[in-house]
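Q: This structure is in C-alpha coordinates; I'll ask about it shortly.
The values are calculated or read from the model by the stated rules, or taken from the named source; none is laboratory data. Remember, predicted model here, so these are calculated numbers, not experimental data. Neighbour counts run over all protein chains shown; Cβ positions are idealised from the backbone, glycine included.
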(Lines give C-alpha, C1' and ligand atoms only; values in the text may rest on other atoms or scores of the structure.)
Protein backbone atom coordinates (compact mmCIF):
# COMPACT_ATOMS: atom_id res chain seq x y z
CA UNK A 1 0.00 0.00 0.00
CA UNK A 2 1.64 3.28 -1.07
CA UNK A 3 1.85 6.24 1.32
CA UNK A 4 0.30 9.65 0.52
CA UNK A 5 3.84 10.98 -0.05
CA UNK A 6 4.49 8.35 -2.72
CA UNK A 7 1.23 9.18 -4.46
CA UNK A 8 1.89 12.94 -4.24
CA UNK A 9 5.26 12.39 -5.92
CA UNK A 10 3.44 10.79 -8.86
CA UNK A 11 0.84 13.52 -9.27
CA UNK A 12 2.83 15.78 -11.66
CA UNK A 13 3.14 12.86 -14.09
CA UNK A 14 -0.47 11.83 -13.43
CA UNK A 15 -1.87 15.17 -14.64
CA UNK A 16 0.37 14.95 -17.71
CA UNK A 17 -0.92 11.43 -18.35
CA UNK A 18 2.72 10.28 -18.36
CA UNK A 19 2.36 7.33 -16.00
CA UNK A 20 2.24 3.72 -17.09
CA UNK A 21 -1.22 2.13 -16.94
CA UNK A 22 -0.46 0.32 -13.70
CA UNK A 23 0.77 3.46 -11.93
CA UNK A 24 -2.13 5.48 -13.32
CA UNK A 25 -4.65 3.03 -11.95
CA UNK A 26 -2.93 2.94 -8.57
CA UNK A 27 -3.00 6.75 -8.29
CA UNK A 28 -6.62 6.96 -9.44
CA UNK A 29 -7.74 4.42 -6.84
CA UNK A 30 -5.74 6.07 -4.05
CA UNK A 31 -7.01 9.54 -4.93
CA UNK A 32 -10.60 8.56 -4.34
CA UNK A 33 -9.93 8.18 -0.61
CA UNK A 34 -7.15 10.73 -0.02
CA UNK A 35 -8.27 14.33 0.40
CA UNK A 36 -4.72 15.53 0.86
CA UNK A 37 -3.77 13.99 -2.49
CA UNK A 38 -6.85 15.54 -4.10
CA UNK A 39 -5.84 18.98 -2.82
CA UNK A 40 -2.35 18.47 -4.24
CA UNK A 41 -3.79 17.22 -7.52
CA UNK A 42 -5.84 20.38 -7.95
CA UNK A 43 -2.72 22.55 -7.66
CA UNK A 44 -0.96 20.53 -10.37
CA UNK A 45 -4.05 20.59 -12.57
CA UNK A 46 -4.10 24.38 -12.32
CA UNK A 47 -0.49 24.42 -13.51
CA UNK A 48 -1.11 21.90 -16.28
CA UNK A 49 -4.09 23.90 -17.56
CA UNK A 50 -1.87 26.88 -18.25
CA UNK A 51 0.68 25.05 -20.38
CA UNK A 52 -1.46 25.41 -23.52
CA UNK A 53 -0.83 29.15 -23.34
CA UNK A 54 2.87 28.69 -24.09
CA UNK A 55 2.49 27.82 -27.77
CA UNK A 56 3.06 30.48 -30.45
CA UNK A 57 -0.16 32.06 -31.68
CA UNK A 58 -1.34 30.91 -35.09
CA UNK A 59 -4.43 31.63 -37.15
CA UNK A 60 -6.48 29.11 -39.15
CA UNK A 61 -8.11 29.78 -42.48
CA UNK A 62 -11.01 32.28 -42.21
CA UNK A 63 -13.26 29.71 -43.93
CA UNK A 64 -12.92 27.34 -40.99
CA UNK A 65 -15.76 28.94 -39.08
CA UNK A 66 -18.10 28.54 -42.06
CA UNK A 67 -17.16 24.87 -42.22
CA UNK A 68 -17.97 24.48 -38.53
CA UNK A 69 -21.37 26.13 -38.87
CA UNK A 70 -22.14 24.04 -41.96
CA UNK A 71 -21.13 20.90 -40.10
CA UNK A 72 -23.56 21.50 -37.24
CA UNK A 73 -26.40 22.63 -39.53
CA UNK A 74 -27.95 19.14 -39.94
CA UNK A 75 -28.10 18.72 -36.17
CA UNK A 76 -30.06 21.92 -35.51
CA UNK A 77 -33.45 21.23 -33.94
CA UNK A 78 -36.47 21.61 -36.18
CA UNK A 79 -39.75 23.20 -35.09
CA UNK A 80 -41.38 19.76 -34.87
CA UNK A 81 -40.86 19.23 -31.12
CA UNK A 82 -42.46 22.59 -30.31
CA UNK A 83 -45.57 21.70 -32.35
CA UNK A 84 -45.73 18.33 -30.63
CA UNK A 85 -45.52 19.94 -27.22
CA UNK A 86 -48.34 22.42 -28.08
CA UNK A 87 -50.67 19.70 -29.20
CA UNK A 88 -49.90 17.64 -26.08
CA UNK A 89 -50.76 20.65 -23.92
CA UNK A 90 -53.95 21.23 -25.84
CA UNK A 91 -54.99 17.63 -25.34
CA UNK A 92 -54.31 17.80 -21.64
CA UNK A 93 -56.15 21.10 -21.29
CA UNK A 94 -59.22 19.67 -22.94
CA UNK A 95 -59.03 16.46 -20.91
CA UNK A 96 -58.58 17.92 -17.40
CA UNK A 97 -61.92 19.74 -17.08
CA UNK A 98 -63.68 16.47 -17.77
CA UNK A 99 -62.14 14.97 -14.63
CA UNK A 100 -63.95 17.59 -12.53
CA UNK A 101 -63.90 17.11 -8.73
CA UNK A 102 -61.94 13.83 -9.02
CA UNK A 103 -58.96 15.82 -10.33
CA UNK A 104 -59.07 18.11 -7.28
CA UNK A 105 -58.97 15.20 -4.83
CA UNK A 106 -56.18 13.44 -6.73
CA UNK A 107 -54.15 16.67 -6.77
CA UNK A 108 -54.58 17.13 -3.03
CA UNK A 109 -53.47 13.55 -2.33
CA UNK A 110 -50.48 14.00 -4.60
CA UNK A 111 -49.44 17.23 -2.86
CA UNK A 112 -49.67 15.62 0.58
CA UNK A 113 -47.74 12.60 -0.64
CA UNK A 114 -44.96 14.78 -2.08
CA UNK A 115 -44.66 16.83 1.13
CA UNK A 116 -44.43 13.70 3.32
CA UNK A 117 -41.92 11.94 1.05
CA UNK A 118 -39.74 15.08 0.90
CA UNK A 119 -39.73 15.29 4.70
CA UNK A 120 -38.73 11.63 4.97
CA UNK A 121 -35.94 12.07 2.42
CA UNK A 122 -34.69 15.17 4.23
CA UNK A 123 -34.56 13.22 7.50
CA UNK A 124 -32.67 10.37 5.85
CA UNK A 125 -30.05 12.71 4.39
CA UNK A 126 -29.66 14.51 7.73
CA UNK A 127 -28.93 11.23 9.50
CA UNK A 128 -26.52 10.11 6.78
CA UNK A 129 -24.10 13.03 7.05
CA UNK A 130 -20.77 11.89 5.58
CA UNK A 131 -17.64 12.39 7.65
CA UNK A 132 -15.76 15.36 6.25
CA UNK A 133 -12.08 16.13 6.64
CA UNK A 134 -11.11 19.63 7.63
CA UNK A 135 -8.61 21.55 5.51
CA UNK A 136 -6.70 24.50 6.98
CA UNK A 137 -4.75 26.78 4.65
CA UNK A 138 -1.48 28.30 5.81
CA UNK A 139 -0.22 31.51 4.24
CA UNK A 140 3.27 32.98 4.26
CA UNK A 141 4.01 35.91 6.55
CA UNK A 142 6.34 38.81 5.77
CA UNK A 143 9.24 36.52 6.66
CA UNK A 144 8.30 34.07 3.90
CA UNK A 145 5.84 35.74 1.49
CA UNK A 146 6.21 32.99 -1.15
CA UNK A 147 5.46 30.16 1.23
CA UNK A 148 2.13 28.41 1.59
CA UNK A 149 0.82 25.21 3.08
CA UNK A 150 -2.15 23.12 4.00
CA UNK A 151 -3.15 20.99 6.99
CA UNK A 152 -5.63 18.18 6.45
CA UNK A 153 -7.34 16.92 9.61
CA UNK A 154 -9.41 13.72 9.82
CA UNK A 155 -13.05 13.96 10.78
CA UNK A 156 -12.37 12.84 14.36
CA UNK A 157 -9.43 15.25 14.68
CA UNK A 158 -7.11 12.45 15.75
CA UNK A 159 -4.79 12.57 12.76
CA UNK A 160 -3.45 15.27 10.49
CA UNK A 161 -0.92 15.90 7.77
CA UNK A 162 0.99 19.03 6.87
CA UNK A 163 2.17 20.00 3.38
CA UNK A 164 4.29 23.12 2.88
CA UNK A 165 5.93 24.64 -0.13
CA UNK A 166 8.06 27.68 -0.89
CA UNK A 167 9.65 27.95 2.56
CA UNK A 168 13.15 29.44 2.47
CA UNK A 169 16.02 26.94 2.92
CA UNK A 170 17.46 26.86 6.45
CA UNK A 171 20.93 26.77 7.93
CA UNK A 172 22.32 23.44 9.19
CA UNK A 173 21.41 24.16 12.83
CA UNK A 174 17.79 25.13 12.11
CA UNK A 175 14.45 23.42 11.43
CA UNK A 176 10.87 24.50 11.00
CA UNK A 177 8.35 23.73 13.72
CA UNK A 178 4.55 23.60 13.51
CA UNK A 179 2.71 25.08 16.48
CA UNK A 180 -0.82 24.11 17.50
CA UNK A 181 -2.32 27.18 19.11
CA UNK A 182 -5.22 27.33 21.57
CA UNK A 183 -5.73 30.38 23.82
CA UNK A 184 -2.26 31.03 25.28
CA UNK A 185 -1.21 27.40 24.87
CA UNK A 186 1.22 26.42 22.07
CA UNK A 187 1.86 22.71 21.52
CA UNK A 188 4.48 21.41 19.11
CA UNK A 189 2.93 19.60 16.11
CA UNK A 190 6.04 18.50 14.25
CA UNK A 191 9.63 19.61 13.63
CA UNK A 192 10.65 19.33 9.99
CA UNK A 193 13.26 20.19 7.38
CA UNK A 194 12.43 21.30 3.82
CA UNK A 195 13.81 20.33 0.42
CA UNK A 196 15.80 22.77 -1.71
CA UNK A 197 12.59 24.17 -3.14
CA UNK A 198 11.03 24.53 0.30
CA UNK A 199 8.74 21.49 0.20
CA UNK A 200 7.85 19.14 3.05
CA UNK A 201 4.96 16.82 3.75
CA UNK A 202 4.42 14.69 6.84
CA UNK A 203 2.32 13.62 9.81
CA UNK A 204 1.39 15.94 12.68
CA UNK A 205 1.77 14.66 16.25
CA UNK A 206 -0.72 16.24 18.61
CA UNK A 207 -1.33 15.82 22.37
CA UNK A 208 -5.06 16.29 21.83
CA UNK A 209 -7.46 16.24 18.85
CA UNK A 210 -6.32 18.70 16.20
CA UNK A 211 -9.83 20.03 15.90
CA UNK A 212 -9.36 21.55 19.39
CA UNK A 213 -6.85 24.03 17.96
CA UNK A 214 -8.32 27.06 16.23
CA UNK A 215 -4.97 28.35 14.97
CA UNK A 216 -1.71 26.96 13.56
CA UNK A 217 1.61 28.57 12.73
CA UNK A 218 5.12 27.63 11.73
CA UNK A 219 8.35 29.20 12.96
CA UNK A 220 12.09 28.70 12.51
CA UNK A 221 13.59 26.95 15.51
CA UNK A 222 16.94 25.43 16.52
CA UNK A 223 17.53 21.91 15.20
CA UNK A 224 15.34 19.42 17.10
CA UNK A 225 12.71 22.05 17.91
CA UNK A 226 11.83 24.18 20.91
CA UNK A 227 9.34 23.90 23.75
CA UNK A 228 7.84 27.23 22.72
CA UNK A 229 8.38 29.45 19.66
CA UNK A 230 11.61 31.44 19.63
CA UNK A 231 11.23 32.88 16.12
CA UNK A 232 8.55 34.89 14.35
CA UNK A 233 5.94 32.87 12.39
CA UNK A 234 6.74 32.22 8.74
CA UNK A 235 3.37 30.61 8.04
CA UNK A 236 0.08 30.98 9.83
CA UNK A 237 -3.52 30.01 9.46
CA UNK A 238 -4.87 33.52 9.98
CA UNK A 239 -7.27 34.36 12.75
CA UNK B 1 -38.39 38.46 -27.39
CA UNK B 2 -35.16 40.52 -27.04
CA UNK B 3 -32.28 38.91 -28.93
CA UNK B 4 -29.41 37.72 -26.72
CA UNK B 5 -26.15 39.64 -27.07
CA UNK B 6 -23.81 36.65 -26.86
CA UNK B 7 -20.67 38.75 -26.63
CA UNK B 8 -21.72 39.90 -23.15
CA UNK B 9 -22.17 36.37 -21.81
CA UNK B 10 -19.49 34.49 -19.91
CA UNK B 11 -18.14 31.20 -21.20
CA UNK B 12 -20.27 28.99 -18.97
CA UNK B 13 -23.44 30.79 -20.09
CA UNK B 14 -22.45 30.23 -23.71
CA UNK B 15 -22.00 26.53 -23.05
CA UNK B 16 -25.51 26.36 -21.54
CA UNK B 17 -26.92 27.93 -24.68
CA UNK B 18 -24.87 25.58 -26.87
CA UNK B 19 -26.39 22.70 -24.91
CA UNK B 20 -29.75 24.10 -26.05
CA UNK B 21 -28.45 23.94 -29.63
CA UNK B 22 -28.14 27.68 -30.21
CA UNK B 23 -25.64 28.12 -33.07
CA UNK B 24 -25.01 31.81 -32.28
CA UNK B 25 -23.58 30.77 -28.92
CA UNK B 26 -21.21 28.31 -30.62
CA UNK B 27 -20.22 31.04 -33.06
CA UNK B 28 -19.30 33.36 -30.16
CA UNK B 29 -17.35 30.63 -28.35
CA UNK B 30 -15.46 29.89 -31.57
CA UNK B 31 -14.54 33.56 -31.97
CA UNK B 32 -13.16 33.58 -28.43
CA UNK B 33 -11.08 30.43 -28.54
CA UNK B 34 -10.34 29.33 -32.10
CA UNK B 35 -6.87 30.89 -31.86
CA UNK B 36 -5.96 29.05 -28.67
CA UNK B 37 -7.29 25.71 -29.91
CA UNK B 38 -5.77 25.99 -33.38
CA UNK B 39 -2.38 27.18 -32.07
CA UNK B 40 -2.11 24.24 -29.69
CA UNK B 41 -3.14 21.73 -32.36
CA UNK B 42 -0.71 23.20 -34.89
CA UNK B 43 2.15 23.16 -32.41
CA UNK B 44 1.55 19.46 -31.77
CA UNK B 45 0.77 18.10 -35.25
CA UNK B 46 2.84 20.65 -37.24
CA UNK B 47 0.47 20.62 -40.18
CA UNK B 48 -2.03 23.37 -41.03
CA UNK B 49 -4.71 21.13 -42.57
CA UNK B 50 -4.59 18.58 -39.74
CA UNK B 51 -4.69 21.36 -37.13
CA UNK B 52 -7.76 22.86 -38.82
CA UNK B 53 -9.50 19.48 -38.78
CA UNK B 54 -8.71 19.12 -35.08
CA UNK B 55 -10.08 22.61 -34.42
CA UNK B 56 -13.28 21.66 -36.23
CA UNK B 57 -13.50 18.43 -34.24
CA UNK B 58 -13.00 20.25 -30.94
CA UNK B 59 -15.84 22.70 -31.53
CA UNK B 60 -18.06 19.98 -32.98
CA UNK B 61 -17.48 17.96 -29.83
CA UNK B 62 -18.42 21.01 -27.74
CA UNK B 63 -21.63 21.29 -29.78
CA UNK B 64 -22.44 17.64 -29.20
CA UNK B 65 -21.29 17.32 -25.59
CA UNK B 66 -22.05 20.74 -24.10
CA UNK B 67 -24.75 19.19 -21.96
CA UNK B 68 -22.09 17.12 -20.16
CA UNK B 69 -19.86 20.11 -19.33
CA UNK B 70 -19.37 20.62 -15.58
CA UNK B 71 -18.28 24.14 -14.72
CA UNK B 72 -17.05 23.15 -11.26
CA UNK B 73 -14.52 20.72 -12.75
CA UNK B 74 -12.80 22.92 -15.32
CA UNK B 75 -12.93 26.31 -16.98
CA UNK B 76 -14.29 26.31 -20.53
CA UNK B 77 -10.86 27.26 -21.92
CA UNK B 78 -9.35 24.31 -20.04
CA UNK B 79 -11.98 21.97 -21.42
CA UNK B 80 -11.29 23.15 -24.96
CA UNK B 81 -7.50 22.90 -24.73
CA UNK B 82 -7.77 19.54 -23.05
CA UNK B 83 -9.86 18.17 -25.96
CA UNK B 84 -7.51 19.80 -28.46
CA UNK B 85 -4.42 18.29 -26.83
CA UNK B 86 -5.85 14.78 -26.70
CA UNK B 87 -7.18 14.97 -30.28
CA UNK B 88 -3.80 16.22 -31.51
CA UNK B 89 -1.82 13.55 -29.68
CA UNK B 90 -4.26 10.99 -30.99
CA UNK B 91 -3.52 12.16 -34.55
CA UNK B 92 0.21 11.77 -33.88
CA UNK B 93 -0.34 8.27 -32.52
CA UNK B 94 -2.47 7.23 -35.49
CA UNK B 95 0.19 8.48 -37.89
CA UNK B 96 2.69 6.37 -35.94
CA UNK B 97 5.28 8.60 -37.50
CA UNK B 98 6.88 11.43 -35.69
CA UNK B 99 8.34 13.44 -38.54
CA UNK B 100 9.92 15.96 -36.24
CA UNK B 101 11.64 13.27 -34.19
CA UNK B 102 11.85 14.44 -30.63
CA UNK B 103 12.30 18.06 -31.53
CA UNK B 104 9.44 19.86 -29.93
CA UNK B 105 9.85 22.97 -27.90
CA UNK B 106 7.98 25.52 -25.89
CA UNK B 107 6.72 28.77 -27.40
CA UNK B 108 9.07 31.68 -27.64
CA UNK B 109 9.07 33.98 -24.68
CA UNK B 110 9.61 37.05 -26.79
CA UNK B 111 6.55 39.21 -27.44
CA UNK B 112 4.48 38.27 -30.48
CA UNK B 113 1.66 39.74 -32.43
CA UNK B 114 -1.45 39.16 -30.36
CA UNK B 115 -4.59 38.27 -32.31
CA UNK B 116 -7.78 39.94 -31.13
CA UNK B 117 -9.84 37.48 -29.09
CA UNK B 118 -13.22 38.72 -27.85
CA UNK B 119 -13.14 42.20 -26.35
CA UNK B 120 -9.92 44.19 -25.72
CA UNK B 121 -9.95 43.40 -21.98
CA UNK B 122 -10.07 39.67 -22.68
CA UNK B 123 -7.33 40.00 -25.29
CA UNK B 124 -5.11 41.84 -22.84
CA UNK B 125 -5.81 39.39 -20.03
CA UNK B 126 -5.02 36.44 -22.28
CA UNK B 127 -1.82 38.12 -23.44
CA UNK B 128 -0.73 38.70 -19.85
CA UNK B 129 -1.52 35.10 -18.91
CA UNK B 130 0.46 33.86 -21.92
CA UNK B 131 3.50 35.91 -21.00
CA UNK B 132 3.34 34.76 -17.36
CA UNK B 133 3.31 31.10 -18.33
CA UNK B 134 6.00 31.53 -20.96
CA UNK B 135 8.22 33.39 -18.53
CA UNK B 136 7.73 30.61 -15.97
CA UNK B 137 8.62 27.88 -18.50
CA UNK B 138 11.64 29.90 -19.58
CA UNK B 139 12.98 29.64 -16.03
CA UNK B 140 13.14 25.84 -16.17
CA UNK B 141 16.50 24.21 -16.86
CA UNK B 142 16.82 23.02 -20.48
CA UNK B 143 16.73 19.33 -19.55
CA UNK B 144 13.49 19.78 -17.59
CA UNK B 145 11.91 21.74 -20.45
CA UNK B 146 12.81 18.95 -22.86
CA UNK B 147 11.17 16.11 -20.91
CA UNK B 148 8.13 18.21 -20.07
CA UNK B 149 7.66 19.15 -23.73
CA UNK B 150 7.70 15.50 -24.79
CA UNK B 151 5.17 14.58 -22.12
CA UNK B 152 2.88 17.53 -22.75
CA UNK B 153 3.02 17.97 -26.53
CA UNK B 154 3.62 14.38 -27.62
CA UNK B 155 1.75 12.55 -24.89
CA UNK B 156 4.80 10.44 -24.06
CA UNK B 157 4.81 8.44 -20.84
CA UNK B 158 7.82 8.46 -18.54
CA UNK B 159 9.04 5.30 -20.20
CA UNK B 160 8.63 6.65 -23.74
CA UNK B 161 10.49 9.85 -22.84
CA UNK B 162 13.26 7.74 -21.34
CA UNK B 163 13.53 5.64 -24.51
CA UNK B 164 13.31 8.64 -26.83
CA UNK B 165 16.07 10.54 -25.07
CA UNK B 166 18.15 7.56 -23.99
CA UNK B 167 18.02 8.75 -20.40
CA UNK B 168 17.44 6.63 -17.28
CA UNK B 169 13.78 6.28 -16.29
CA UNK B 170 14.47 7.64 -12.81
CA UNK B 171 16.11 10.75 -14.25
CA UNK B 172 13.10 11.42 -16.48
CA UNK B 173 10.69 10.97 -13.58
CA UNK B 174 12.65 13.36 -11.40
CA UNK B 175 12.94 15.98 -14.13
CA UNK B 176 9.22 15.97 -14.88
CA UNK B 177 8.45 16.16 -11.19
CA UNK B 178 10.85 19.05 -10.57
CA UNK B 179 9.62 20.92 -13.63
CA UNK B 180 5.97 20.72 -12.60
CA UNK B 181 6.77 21.63 -9.01
CA UNK B 182 8.70 24.67 -10.09
CA UNK B 183 6.00 25.78 -12.53
CA UNK B 184 3.39 25.33 -9.83
CA UNK B 185 5.36 27.53 -7.49
CA UNK B 186 6.06 30.21 -10.11
CA UNK B 187 2.51 30.34 -11.37
CA UNK B 188 0.97 30.30 -7.92
CA UNK B 189 3.21 32.96 -6.44
CA UNK B 190 2.50 35.58 -9.04
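Q: Of the residues A:186, A:161, only one is in contact with a helix residue (DSSP H, G or I) (Cβ under 7 Å, 6 or more places away or on another chain) and part of a strand (DSSP E or B); which?
A: A:161
Q: Determine whether residue B:78 is on the phi < 0 side of the Ramachandran plot, within 9 Å of chain A (Cβ to nearest Cβ), modelled with pLDDT under 90 and surrounded by fewer than 18 Cβ atoms within 10 Å (Cβ to Cβ).
A: It is true that residue B:78 is on the phi < 0 side of the Ramachandran plot, within 9 Å of chain A (Cβ to nearest Cβ), modelled with pLDDT under 90 and surrounded by fewer than 18 Cβ atoms within 10 Å (Cβ to Cβ).
Q: Turning to a different aspect of this structure: Report, by residue number, each residue of region A:42-55 that is more than 11 Å from residue B:184 (Cβ to Cβ) and either more than 7 Å from chain B (Cβ to nearest Cβ) or surrounded by fewer than 16 Cβ atoms within 10 Å (Cβ to Cβ) (or both).
A: Answer for region A:42-55, where residues must be more than 11 Å from residue B:184 (Cβ to Cβ) and either more than 7 Å from chain B (Cβ to nearest Cβ) or surrounded by fewer than 16 Cβ atoms within 10 Å (Cβ to Cβ) (or both): there is none.
Q: Here's another thing I want to ask about it. Where residues in region B:153-170 are free of Cβ contacts under 8 Å to residues at least 24 places away in the same chain and not in a loop (DSSP other than H, G, I, E, B), which of them is surrounded by the fewest Cβ atoms within 10 Å (Cβ to Cβ)?
A: Applying the first criterion (free of Cβ contacts under 8 Å to residues at least 24 places away in the same chain) to region B:153-170 yields B:156-163, B:166-170.
Narrowing further to those that are not in a loop (DSSP other than H, G, I, E, B): B:158-163, B:169-170.
Working: B:158: 23, B:159: 14, B:160: 16, B:161: 26, B:162: 19, B:163: 13, B:169: 12, B:170: 10.
By that ranking, first place goes to B:170.
Q: Let me spell it out: the conditions are (1) at the interface with chain B (Cβ under 7 Å from one of its Cβ atoms); (2) more than 17 Å from residue B:149 (Cα to Cα), and residue A:29 meets all of them except one. Which number is the exception?
A: Unmet condition: (1).
Q: Within 40 Å of the chain's Cα centre (by Cα), at pLDDT below 90 and under 29 Å from residue B:45 (Cα atoms): does that describe residue A:22? Let's see the steps before the verdict.
A: Details: within 40 Å of the chain's Cα centre (by Cα): yes; at pLDDT below 90: no; under 29 Å from residue B:45 (Cα atoms): yes.
No; evaluated as a whole, the condition is false for this residue.
Q: Failed condition for residue B:106, given (1) surrounded by 17 or more Cβ atoms within 10 Å (Cβ to Cβ); (2) at pLDDT below 90; (3) not in a loop (DSSP other than H, G, I, E, B), with all others met?
A: (3)
Q: Condition check: surrounded by 13 or more Cβ atoms within 10 Å (Cβ to Cβ), at pLDDT below 80 and away from every other protein chain (no Cβ under 14 Å). Does residue A:135 satisfy that?
A: Taking the combined requirement at face value, the residue satisfies it.
Q: Now for a separate question. Search region B:176-189 for residues that are at the interface with another protein chain (Cβ under 7 Å from one of its Cβ atoms) and pair each with any residue that is at pLDDT below 95 and outside any helix (DSSP H, G or I) when their beta-carbon atoms are under 6 Å apart and the residues are at least 6 apart or on different chains.
A: Between residues of region B:176-189 that are at the interface with another protein chain (Cβ under 7 Å from one of its Cβ atoms) and residues that are at pLDDT below 95 and outside any helix (DSSP H, G or I), the close pairs are B:185/A:166; B:189/A:146.
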